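The values are calculated or read from the model by the stated rules, or taken from the named source; none is laboratory data. These numbers come from a predicted model, not from an experiment. Cβ placement follows ideal geometry from the backbone for every residue including glycine, while neighbour counts extend to all protein chains displayed. The area values use the complete protein model at the heavy-atom level, side chains included, leaving out ligands, DNA and RNA. Shrake-Rupley method; radii C 1.70, N 1.55, O 1.52, S 1.80 Å.
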Amino acid sequence: MTTRKPSEARIRTRMARTGESYPTARAELSGARTAPRPVTDAGWALRGGLHAETSNVTNLLTHLGDTSGAELTEAMLLGVGGGLGAGYMLWEIKGQTPNLFLGFRYRWTFHDWAERTMDRLGVGYQVKTTGSSKAASAALHERLADGTPVMIAPDRQLVGYWHLPPEPALAGRGRPVFSGARRSPVVAYAVTDDGIRLDDRNLAPLTVDADTLADARARVSSTKNRMIVVDSVPETLPLADAVRAGIADCVAHLDAKAATVALPAWSKWSRLVTDPRNAKGWPTLYGKAGMVTTLLSVWEHVEPAGLTGGNLRGLYADFLDEAAPLLGDSADAAADAAQLFRDSAQLWHEVAETALPWDVPEYARLRELVATISAGVAAGDSAVAERAEAADTLWDLIGEYDRKLPAEPDLARLSEQIQAVYDTEREAVGALRHVLK
């Protein structure tokens, strides 16, 4: 099939308008029915992806293993690794706007997802740690010189290419960015004269200065200088057992009673959005300033166009479809659950639209800037200047709009929509239980 190559401006505009990720927006505009052939750089295929951890583990195992002649997909990795999570958390520091985090992946508050998932698949790996940045950098260079790609977890703020400003630069310029709050696993796959080549869902080479990367790896104490080196990938992955174990994890996790890291988090959040008497209620927290910071955080967390990869409900539905042949008599129950999670994905999109509506020009501009940064990361080294300029404008506008709202948010509607998500996902978990019977 002949496809047309859309302009970057059209891709970014579509991302901002629809909330789609860069690869999805590009594919839709080009009329492509299949993903384009990945760019190969230093022997590593840049395949892109939706979510940092699921895509990077998928790409690493695909690079190193045979996987029995079948492509190991990001959706399958998500499901095998426990699937979905649910979480609402506010980080608060006196004098700063509360920083909102939404969790959508299983065990989203922990940093061991990759290891647990590879254990389930029988993948052999080593976790290397050291307190010395110099030793960590030397070990990384040694592995890359041997042609061995590794997973590392640099702080997103310090690593640079997402253009998150340092804390001192945030006075009067919008939301806080906490050290360690935005760590992200990436694959380091090559050394060049300019630095280290990374895979963070980008579709073209992305280079980070070696000293900058060393500082970013040392920033977060819980993942300081960690490096995961995969030694072996089974010729035949135990997917049938891993699929059922992953679904069981997802049911147990979402069905827990915790009001922060399980489905009750959505219902709690729904109430807080409109509760004027609760100290954590939005009317109290954002009565004077800071509302736009949080509204944009909702949109960025929920939609794939942002930094995190979105709500993952559609990807999990894809997993259930792929897993159906491995589930025997439970295939129909899996299909029912998949449809409910697709319904949930649509409800999440409506939440994002209510939080930061496209028809408000100032909010549309914020969305366009986020999409420009994300598209710039996907485009790699060639888009450094463009995404840096977009980020600088974004932070200035957030500060301005936090002081004076461009439009009053419809908090009542937002509350109702979040509750609808909760109700739908409770039903979806019930359907998942039938898969395990």
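Just one residue in the set Thr223, Thr148 is of a type in the set (Ser, Thr, Tyr) and either in contact with a Cys (Cβ under 6 Å, 6 or more places away or on another chain) or modelled with pLDDT of 90 or more (or both); that residue is Thr148. In the range 42-65, the qualifying residues are those that are part of a helix (DSSP H, G or I), aliphatic (A, V, I, L, M) and surrounded by fewer than 23 Cβ atoms within 10 Å (Cβ to Cβ), and the one that is modelled with the highest pLDDT is Leu61. State yes or no: is Leu164 modelled with pLDDT under 90, buried (at least 20 other Cβ atoms within 10 Å of the Cβ) and part of a loop (DSSP other than H, G, I, E, B)? In short, yes. Which ones in the range 142-160 are open to solvent by 50 Å² or more (accessible area, probe 1.4 Å), part of a helix (DSSP H, G or I) and out of contact with any strand residue (DSSP E or B) (no Cβ under 6 Å at 6 or more places or on another chain)? Correct list: Glu142, Ala145, Leu158.
Does Gly310 qualify as being under 17 Å from the mean Cα position of the chain (by Cα) and in a helix (DSSP H, G or I)? Considered against the rule, which asks whether it is under 17 Å from the mean Cα position of the chain (by Cα) and in a helix (DSSP H, G or I), Gly310 comes out as no. In the set (1) surrounded by 24 or more Cβ atoms within 10 Å (Cβ to Cβ); (2) aliphatic (A, V, I, L, M); (3) in a helix (DSSP H, G or I), the condition left unmet by Ala335 is number (1). Got at least one residue in the range 288-296 being surrounded by fewer than 18 Cβ atoms within 10 Å (Cβ to Cβ) and more than 25 Å from Asn202 (Cα to Cα)? Yes, the range 288-296 has at least one match. Looking for something more than 21 Å from the chain's Cα centre (by Cα), in a helix (DSSP H, G or I), under 30 Å from Thr13 (Cβ atoms) and among the aliphatic types (A, V, I, L, M) - is there at least one such residue anywhere in the range 272-291? Within the range 272-291, one or more residues are more than 21 Å from the chain's Cα centre (by Cα), in a helix (DSSP H, G or I), under 30 Å from Thr13 (Cβ atoms) and among the aliphatic types (A, V, I, L, M). Restricting attention to the range 277-284, does a residue exist that is in contact with an Asp or Glu (Cβ under 6 Å, 6 or more places away or on another chain) and surrounded by fewer than 24 Cβ atoms within 10 Å (Cβ to Cβ)? Yes, the range 277-284 has at least one match. Pairing each residue of the range 414-426 that is in contact (Cβ under 8 Å) with a residue 12 or more places away in the chain with any residue that is outside any helix (DSSP H, G or I) and of a type in the set (S, T, N, Q), provided the two are 6+ apart or on different chains, yields C-beta distances under 7 Å for Ser415/Thr274. Evaluated against (1) part of a helix (DSSP H, G or I); (2) free of Cβ contacts under 8 Å to residues at least 12 places away in the same chain, Phe110 falls short on exactly one condition, (1).
Just to be sure before I move on: is Arg17 assigned to a helix (DSSP H, G or I), at pLDDT 95 or above, closer than 20 Å to Ala305 by Cα and open to solvent by 20 Å² or more (accessible area, probe 1.4 Å) in the structure I sent? Criteria met by Arg17.
Give the residue, chosen from Arg120, Arg201, Arg116, that is surrounded by fewer than 17 Cβ atoms within 10 Å (Cβ to Cβ), modelled with pLDDT of 95 or more and touching a Gly at 6+ places or on another chain (Cβ under 9 Å). Criteria check complete, one pass: Arg116. Can you confirm whether the range 124-140 contains a residue that is at pLDDT 95 or above, open to solvent by less than 60 Å² (accessible area, probe 1.4 Å) and in contact with a Pro (Cβ under 7 Å, 6 or more places away or on another chain)? Checked against the condition, which is being at pLDDT 95 or above, open to solvent by less than 60 Å² (accessible area, probe 1.4 Å) and in contact with a Pro (Cβ under 7 Å, 6 or more places away or on another chain), the range 124-140 yields no hits at all.
With the structure loaded, tell me whether Gly430 is over 25 Å from the mean Cα position of the chain (by Cα), at pLDDT 95 or above and either assigned to a helix (DSSP H, G or I) or over 30 Å from Arg197 (Cα atoms) (or both) or whether it fails that test. Yes, satisfied.
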